[in-house]
Amino acid sequence: MKRAAGINTILMLTFLLGAPSGAFPSAADGPYADQVYDTISAKSEEKMDSLQVQMERNSLGGLLSDYIFTTRLDPASVGTGAVKSEDPYLPYLGKFIRHIEIFRYNILSDTEVGTAYPDGPGLVRAIDRIHIDTRESKIAAFLLFEEGDPVNPYALSDTERLLRETAFIQDAMVRLVPVEGIADSVDVQILTRDVWSLGVNARAITVDRYKLKFYERNLIGYGHTIEWEASLDFSRDRLADHTIFYRAPNIYGTFVDGEVRLVDAVAYKHNKWGLSRGYVSPEIKWTGAVFIEGMDDLDEDPARIRKWDRENFWLGRSIRLGRGYTEEGSRRRVILSARSTRTDYHVRPPVGADLNRGYHDRSVFLGSAALTERSFRKMRMVFSFGRTEDIPYGFLATVTGGTGVSEFFTRPYTSIDLAYAGFCGSSGYFSARAAIGSYYRNDHVEDGTFSLTLGGFSSLLPFWRSVARHFFIVDYIYGYNRLPNDNVDLEEPRGGLRGLSNTGIEGKERLTLSWEGILFADWDLYGFRFASFGYAEAGQAGPEWNSFLDGKYYCSLGGGFRAHNERLIFDAYEARFMFHPVVPEGADTALFRFEAVRNLRIPFLSPGAPRVLKYE
């Protein structure tokens, strides 16, 4: 009896953390079958049979075993998973949308919100009741189509993607159902499943310094985010710095997002307010943003103290070039944008024409023209542990020009930014981005930046009872005709090596090479999925554009384990072990970290506001 009671208690406490992740129960038919990858692997079940039988001998174990020992990963059923987002809807071209229905599923059970669930564990039912589900009106606000519209495969697939991209929905599916007796009509079913939206993150930075964050990503079912973060430092008189963040996405179905950030720290106070509307779909014609922010630096060092205000406005117009729903180039568009940014310093260190340029009062006026075509494919186990992911492919070419006006001089600015991403048959995914830009003054180039980034990942590779995927990144940046102290370095996380800090290695040029391999386990426990990984990174920084040819490279090698429950809002976490064959003199090294997963930064196609190329 004591043994059974102990098992029950452990199961009850552990189950509070999550439940098995799974596909929508009615989604396995017709052209949507390839969206459902969770099948039962007989070999995996054999491994778990003994424990399952033991659980079924006690009451709570019997109730939970059906939920814990499901959702196995069968490698043969996953495949490459690269399905064009619009493909499921192509058979319905020429038909009209008669009716739209929204079906919301509970977080921890495969039942619709509001339906009876008498046979499920009481704890599961209680958690589903406690969670405030996303309101139907909020889900409907993301729809890019209406009743009576002709079937547009891209509008349907973009709606599905936009719902998945929210912070409060685990997965979403848009299905078309033929209407019996009406050959030219279909009904649209929107299926969504929330995530558990209340979370907490904790991170140890040093022995004395920690970060703690509480957040709610779906406030009272409206999808709003509210966060409170405390930066704790036990070595000083004031214990904590505080940050409050609030975000309201897609206000009243306009795809306008609003946000507020307030920071009260020992060293500074910062506030930022704004509204923005991005290029979420070719259906969106007008985009832009307005942000107002201020900084009051309380640093006692007169060489660093600052107080400034900034106003940032931009407006863009998307002009669709392609026509139709399936023709080549139907997603192609030209984007014309203009931006104005003004920064005024009220308190600052001494400045001059070439002294502390970062503290100049300045205004930047930019305009850009971009040609882009972007579509998506649905995949799994890229940056997630099994939920549907939308991976972009296509191209983006942007030309930017404008003027930077400071209190000491006026400088024209130009840049060119080219990006491409695509799938290499069944071999995987590749993307590349190259950009060059600079200011001009007195017939000379100033503050120039050239960057080249290559990245990608393999298809899913069967490995025993699991699947694996490889990632790579090659990142090069060079700054030319810049001030002597304007350098890039190998510091984490701006582009440095994991586990290395205070390296003192810097220069005008930097090259980093990264590889990572992930092996996804073929089982889950209470909804938590697991993966093991290994990585290798090498990097150097030097004074010239070709320093990478003869520079000294530093390395970081390691690996570890990751876990994530995709029905919970919590980040994926990893336990990482690191080894550094050569350590720069005076640098700090870390041999182990337990923290949120930081994925490799593969360049994707993301049109946005005109900007000056970053040099960091």
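The values are calculated or read from the model by the stated rules, or taken from the named source; none is laboratory data. The model shown is predicted, which means the values in this text are computed figures rather than measured ones. Here the Cβ is made from the backbone with ideal geometry for all residues, glycine too, and neighbour counts use every protein chain on show. Note: areas computed on protein heavy atoms with side chains; ligands, DNA, RNA excluded. Shrake-Rupley method; radii C 1.70, N 1.55, O 1.52, S 1.80 Å.
Numbers at a glance
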| read-out | value |
| --- | --- |
| Count of the range 199-227 residues which are more than 20 Å from Glu165 (Cβ to Cβ) and within 20 Å of the chain's Cα centre (by Cα) | 6 |
| Residue match in the range 217-229 (condition: out of contact with any Phe, Trp or Tyr (no Cβ under 6 Å at 6 or more places or on another chain) and at pLDDT below 90) | no |
| Number of positions in the range 533-571 that are out of contact with any Gly (no Cβ under 8 Å at 6 or more places or on another chain) and among the β-branched types (Val, Ile, Thr) | 0 |
| Condition check for Leu490: under 18 Å from Gly517 (Cα atoms) and over 19 Å from the mean Cα position of the chain (by Cα) | no |
| Residue list for the range 173-197, filter: without any contact (Cβ under 8 Å) to a residue 40 or more places away in the chain and either assigned to a loop (DSSP other than H, G, I, E, B) or within 17 Å of the chain's Cα centre (by Cα) (or both) | Glu180, Gly181 |
| Matching residues, the range 230-253, being open to solvent by 60 Å² or more (accessible area, probe 1.4 Å) and either at positive phi or outside any strand (DSSP E or B) (or both) | Phe234, Ser235, Arg236, Asp237, Arg238, Leu239, Tyr252 |
| Residues of the range 134-166 classified as open to solvent by 30 Å² or more (accessible area, probe 1.4 Å), touching an Asp or Glu at 6+ places or on another chain (Cβ under 9 Å) and not aliphatic (A, V, I, L, M), total | 1 |
| Some residue of the range 484-493 being under 16 Å from Asn599 (Cβ atoms) and part of a strand (DSSP E or B) | no |
| Hits in the range 199-225 (condition: under 15 Å from Arg247 (Cα atoms) and in a strand (DSSP E or B)) | Phe214, Tyr215, Glu216, Arg217, Asn218, Leu219, His224, Thr225 |
| Any hit, the range 585-600, residues being more than 30 Å from Val200 (Cα to Cα) and open to solvent by 40 Å² or more (accessible area, probe 1.4 Å) | yes |
| Restricting the range 542-558 to residues that are modelled with pLDDT of 90 or more and surrounded by 18 or more Cβ atoms within 10 Å (Cβ to Cβ), the residue that is farthest from the chain's Cα centre (by Cα) | Tyr554 |
| Residue match in the range 262-270 (condition: open to solvent by less than 40 Å² (accessible area, probe 1.4 Å) and in contact with a His (Cβ under 8 Å, 6 or more places away or on another chain)) | yes |
| Total residues in the range 276-293, condition surrounded by fewer than 16 Cβ atoms within 10 Å (Cβ to Cβ) and part of a strand (DSSP E or B) | 3 |
